[in-house]
Amino acid sequence: MRINAERLHESLRELARIGATPGGGVTRLALSSEDRAARDLLRRWMEDAGLQVRVDDFGNMTGRRAGAQSGAAVLMASHIDTVRRGGRFDGAYGVLAALEVMRTLNDFDVTTRAPLELVNWTNEEGVRFEPAMLASGAVAGRFTPDYVYGRTDWDGATFGDELARIGYKGERQNRPGPIAAYLELHIEQGPVLEDAGLPVGVVEGIVGITWSEVTVEGHADHAGPSPMGLRRDALVAAARLIAGVDEIARTVEGAVGTVGRIAAEPNVINTIPGKVTLSVDFRHADPATLDTLVASLERLAREIAAETGVTMKVDRFWTSEPTPFAAEVVAAVQGAADELGLSSRRLWSGAGHDAKYVQDVAPSAMIFARSINGLSHCEEEYSAPEDLEAGANVLLLSALRLAGVEGERSSRKRG
Ligand SMILES: [Zn+2]
């Protein structure tokens, strides 16, 4: 049994028309009118596939396909909201591949033992309403309903009002689950699979992230009359630290480190910079290694301060712990990829996904499909049709492994 790739691609094309941008991307912000139109289309598709559709108090949409047994379901989920001028596949691919799995099971007249549920999570991107993964986090108990409803966008519109406006404020009892296992298929959004020449990846977890703010204080002075030996230039010291962050991350297997934001004061052409603030983002799968990375940063800051005469303060202000996925769900994904004869590799997601919060409450794993040039959150985001097909087939076989198959008339061809 395999998915119908043409039907998957056609659905992806059709959904991508809602909020389409001139540059070939999509702008479909959470709870916007475009989001409503996309939800209406998804609802129609789910109903046409015979799914029982329900909407919960955060607008999460669930389509349930009954199994031979009642009770906990195997979930296949992602999101159809996008960033501004985002791509056509981030999120939408996971939702529509799950829909294609449902359609394929209908074609082949398969009854699974456990029920299957397709979920479209609200506001995964967090562009319009911060933070990201708001609604899956709320279902997992990380955020209260009041917190969620009170989030505001740049115009002061609240999540609660906008959810009601687009007609997708449902009932608490309609939340997804109970969840036997959770699968999320997504484009990789990174270059690892492409570099390795592999169509799919078996995702073992989501890396931990820690953010620090470094404040460097030197002495601002006129650029002309200050001899080089008598300066305390905060930006020169910061430059050494930035190069050091790169060096620290390179020496630790599996780590990444980024200085993405920097401000120099007074930022004037003929004044020696007196103060610099910069951000440091470290990511790794192991929480102890995150601590080590920050300790290395602090040690380096002390050394540079001692040598240059500036002061450096490192403030580690935010950490998101790594999320290892459930071994049995990862094994199901690996088994599905192997059964399909697909070369794959294990990897960790460097970006956040709803699976991070769902893993709090149910065994979860993710599947990645290769991204071209590792691009996403931009109009150039692209994955080859055959890779999208491969990922969807891994989703299909993973779901069957986890849900179990009760009956199948394998002689029946696709409708
Ligand atoms: Zn996404």
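The set of residues from region 94-120 being within 13 Å of the ligand (Cβ to nearest atom) and more than 16 Å from R43 (Cα to Cα) is empty. Selection of region 194-235 for residues being part of a strand (DSSP E or B) and among the small types (G, A, S) yields G201, G205, G208, S212.
Residue-by-condition table, conditions (1) within 16 Å of the ligand (Cβ to nearest atom); (2) in contact with a Phe, Trp or Tyr (Cβ under 9 Å, 6 or more places away or on another chain); (3) not assigned by TED's automatic domain parsing to the domain that holds E184:
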residue	(1), (2), (3)
E328	no, no, no
A336	no, no, no
A355	yes, yes, no
F368	yes, no, no
S376	yes, yes, no
L388	yes, yes, no
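Against the definition (more than 30 Å from P324 (Cα to Cα) and either of a type in the set (F, W, Y) or modelled with pLDDT of 95 or more (or both)), how does E213 come out, yes or no? It is false that E213 is more than 30 Å from P324 (Cα to Cα) and either of a type in the set (F, W, Y) or modelled with pLDDT of 95 or more (or both).
With respect to being surrounded by 15 or more Cβ atoms within 10 Å (Cβ to Cβ) and over 23 Å from the mean Cα position of the chain (by Cα), S296 fits the description.
Residues of region 33-51 that are without any contact (Cβ under 8 Å) to a residue 60 or more places away in the chain, crowded, with 17+ Cβ neighbours inside 10 Å and not hydrophobic (A, V, I, L, M, F, W, C): E34, R43. Applying the condition of being within 16 Å of the ligand (Cβ to nearest atom) and touching a Phe, Trp or Tyr at 6+ places or on another chain (Cβ under 6 Å) to region 134-147 and asking which residue is farthest from F58 (Cα to Cα) yields G137. Filtered by the rule that a residue be more than 15 Å from the ligand (Cβ to nearest atom), in a loop (DSSP other than H, G, I, E, B) and in contact with a strand residue (DSSP E or B) (Cβ under 6 Å, 6 or more places away or on another chain), region 61-93 gives G67, A68, A72.
Considering the conditions (1) surrounded by fewer than 24 Cβ atoms within 10 Å (Cβ to Cβ); (2) closer than 21 Å to E125 by Cβ, V330 is excluded by exactly one of them, (2). If I ask for residues that are surrounded by fewer than 17 Cβ atoms within 10 Å (Cβ to Cβ) and under 18 Å from E171 (Cβ atoms), which ones from region 125-149 would you list? Of everything in region 125-149, those that are surrounded by fewer than 17 Cβ atoms within 10 Å (Cβ to Cβ) and under 18 Å from E171 (Cβ atoms) turn out to be G141, T144, P145, D146.
The residue of region 315-347 that is modelled with the highest pLDDT, among those that are in a strand (DSSP E or B) and touching a Lys or Arg at 6+ places or on another chain (Cβ under 9 Å), is T323.
The values are calculated or read from the model by the stated rules, or taken from the named source; none is laboratory data. Note that the coordinates shown come from a computational prediction; the quantities given were computed from them, not determined experimentally. Positions of Cβ are backbone-derived with ideal geometry, glycine not excepted, and every protein chain shown enters the neighbour counts.
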